[in-house]
Amino acid sequence: MALAVMLLNGASFRSGCCRHKVLLSSLGPLLSNSKLYSSYRRPGAEPEKKLSWQNADFSFKKSIDHLKTQLSLLKKETQDYLKGPGGNPLSRHLLEQTRVLWQFRSQEDLNKWVISSDVEIGGKSEVYIKLGRNNQAALLYGTLNTEVPRDGETKYSGYCTMRSRPEVGSFNRKKYYDWSNFNSLYLRVRGDGRPWMVNIYTDPYFSHQKDDLYSYFMFTRGGPYWEEITIPFSKFFLSSRGRVQDNQHPVWLDKASFLTLGFTIGDKVDGPFQLEIDFIGLLNDRAHKEKFAYEAYDKNTPV
């Protein structure tokens, strides 16, 4: 379906006939259930009069160029897969102690992240991101406002987030992070003394798990000095829709879980905030032996 939609988006019918309109009208019911159309609409927003696929730009040349690009990406992915895990030889993968996932040295590095705030639900918090001094870090700053929007539905407000974009492979396939060779998250940051929440977003198998989130706290001390923070993955706890779950389990570090990493501030304190991030990486701490920091139990224990 994805390949058919891609070719349809790039198809060109520039003659005087209306064959493309007939084709779109016939494929409309099929595409209405795909990811090109979403029935979700925020409260108060006007319904869209056209489906997203009806606003597609038809160009046969663009379709061919896009297909060539995707095939080249597929070739590179195949070569990396045959070379070893993550495109590295197996010996290097087994001996790897640290790995830098993200570092911020250019605008291209910032484009790999997305920022958002409670403005999406009618709030008044503001958040911005830019390169720091000498282009050596990402500066996340803004103002937190806990005023609840007067829509009669929202009860809480006041948060800002920074979240990495999901990696996409050839033909828009999802790519996952494989962190199974490491046991800790390693960051170099400089904050203003406010606490943050580090979030790991997963790609669940069942739809009712789409709001599952692994989180842990990151406390910044403020001041002019940088600090290096190590957060073991065994400390991350499971929550869903803002509620900590009773049934806890360790974070799965294989390729079937990770999609994005994010940072959230929501300490219910109005006012400005800022956080500088030099890099985000992984660490294999041989001294850390803890498997899981929280109690795990069987809810269906036989009597």
Review point. Using θ = phi - 60° and the Karplus form 6.51 cos²θ - 1.76 cosθ + 1.60, what ³J(HN,Hα) does each residue of the stretch 228-237 get, whole Hz, x for Gly and Pro?
Key: 9, 10, 10, 10, x, 5, 5, 8, 5, 10
Check your understanding: Amide H of Gly132: which non-local residues (sequence gap of 5 or more, or other chain) have their own amide H closer than 5 Å, using H built in the peptide plane?
Key -> Ala137, Ala138, Leu139
Exercise for review: Alpha carbons only, please: Rg and Dmax for the stretch 97-283, in angstrom.
Suggested key: 16.6, 51
**Study point:** Contour excess over end-to-end distance, with Cα ends at Ser207 and Gln274 and 0.36 nm allotted per residue
**Key:** 20.6 nm
Revision key, fill the gap. Scalar couplings 3J(HN,Hα) for the stretch 161-167 by Karplus 6.51 cos²θ - 1.76 cosθ + 1.60 (θ = phi - 60°), nearest whole Hz, x for Gly and Pro, are 9, 9, 9, 6, 6, x, 6
Revision key, fill the gap. For Ser184, other-chain or 5+-apart residues with amide H closer than 5 Å (H placed, Pro excluded) are Phe233, Leu283, Asp285
Study note, to complete from the structure: Env charge @ Ser72, Cβ radius under 14 Å, K,R +1 / D,E -1, value 0
Exercise for review: Using amide H atoms built 1.01 Å from N in the peptide plane, name the residues 5+ places from Thr220, or on other chains, whose amide H lies under 5 Å from its own.
Suggested key: Gly193, Arg194, Trp196
Check your understanding: Taking a 20 Å limit on the Cα-Cα distance, which of the listed pairs Lys235/Lys291; Lys61/Lys174; Lys175/Lys289 fall beyond it?
Key -> Lys61/Lys174; Lys175/Lys289
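Computed FRET efficiency, Cβ-Cβ of Glu228 and Arg150, R0 30 Å: what is it to the nearest 0.05?
Values: r = 43 Å, r/R0 = 1.44.
My answer for the efficiency is 0.10.
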Study note, to complete from the structure: For the stretch 244-251, in residue order, the Karplus 3J(HN,Hα) values (coefficients 6.51, -1.76, 1.60; θ = phi - 60°; whole Hz; Gly and Pro = x) are 5, 7, 5, 8, 9, 8, x, 5
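Read-outs: derived from the displayed coordinates by stated rules, not from any lab. All values derive from a computational prediction rather than experimental measurement. Virtual Cβ from ideal backbone geometry, glycine too; neighbours counted across all protein chains shown.
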